[in-house]
Amino acid sequence: MSTTLEAQVKAEVNRLFPPNTKLIWVKNYLGTINEAHDCALVLGFDGYHCKGYLSYNSSNEQYMLDGSIENDELEMVQRFNGLPNGYINGRLIANGLTLNIETIGTESVAFGTFTSKKEFSAKGLNENYISNDVEKIIEFPKNMDETFITWLKDKSLAWRTEIDQRINPENENKISKGLIYNRIFFENDKVINGKLFFENTWSDTVEEIPFNFDLQKGKNLKMEDLFVKNKQLRGVVKEQMMKAANDEGKFKHSGYRLWLLKQKISAFSLEQEGVSFYTPYDKIFGEEHVFISYALLKPYLKKNTTLKALQSK
């Protein structure tokens, strides 16, 4: 477990507490609810108050927890999308804890047992808050490669900070929406390709972070890592993209051809048969892409172990 990810998990939990709160501990647990549902639980404790997240692995649903611990007894409110939907009481035990969860509006009580885990996990740290005219949604890819998630969180820190400054449950005096979401183009045990998007109500643009992450080397790949003659290659890609758009009749739409001519290649997706190249996302025209086989790209390919591994499948 990297110290970077541990620090990020602690920071996520810290943000649930008032500013400058000093936490005694942040603990990560794995367990089951009703001996059927695998869950992840992360809790922070300041000496009395306890806050954290409960995540169901199968559905990827996440609940925010808020309460207290006194004499090893837990009492907490469970919230979903900012609203209370359950009550929890439990007890700290050796190397873990037990929970009883009562869902509001029902008579059922779920029972959970959790074991303390030394490693921290990025899972369950997506954020969803919706109330009245305020909406905050942060959704990262479900891939659980630690280095990849750490890289994404570092790259999106400015976005998350901006959302936190503008949107919070205590500040609902105007319509505000902040979204961080993702789209995966291609994924296997070697690479994960896609884009992370940032969209909000206080600016007109959609920002994006493209990624081609080598899961074996633990690094994000750029075009210069994989291709030679990049200027020529970009010209070939744009030519193929224009041809494909024309063949599909897209130039019939007013302004589309001029828009596409001005676009740069912002992202690419490594796949087993070739590479897909993408323009930036536009709120009016969307996103254009074109697929080019490795055979046609051969004059521009470097000798790269990642490409070789993909093509050997």
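Going through (1) assigned to a loop (DSSP other than H, G, I, E, B); (2) at pLDDT 75 or above one by one, ARG160 falls short only on (1). Would you point out the residue of segment 252-270, among those that are in contact with a helix residue (DSSP H, G or I) (Cβ under 7 Å, 6 or more places away or on another chain) and not in a helix (DSSP H, G or I), that is surrounded by the fewest Cβ atoms within 10 Å (Cβ to Cβ)? Selected residue: ILE265.
On the stretch given as segment 30-53, residues that are outside any loop (DSSP other than H, G, I, E, B) and either under 28 Å from THR161 (Cβ atoms) or among the hydrophobic types (A, V, I, L, M, F, W, C) (or both) total 14. In segment 6-28, the residues that are part of a helix (DSSP H, G or I) form no Cβ pair under 6 Å with any partner that is among the acidic types (Asp, Glu) and modelled with pLDDT under 80, whether six or more places apart or across chains.
Confirm whether ASP204 is among the acidic types (Asp, Glu) and either free of Cβ contacts under 8 Å to residues at least 40 places away in the same chain or part of a helix (DSSP H, G or I) (or both).
no
Within segment 43-79, the set of residues being over 15 Å from GLY112 (Cα atoms), in contact (Cβ under 8 Å) with a residue 24 or more places away in the chain and under 19 Å from the mean Cα position of the chain (by Cα) comprises GLY52, ASN60, GLN62, MET64.
The values are calculated or read from the model by the stated rules, or taken from the named source; none is laboratory data. For clarity, every value in this text was computed on a predicted model and none was experimentally measured. All Cβ positions, glycine included, derive from the backbone under ideal geometry; neighbour counts span all protein chains shown.
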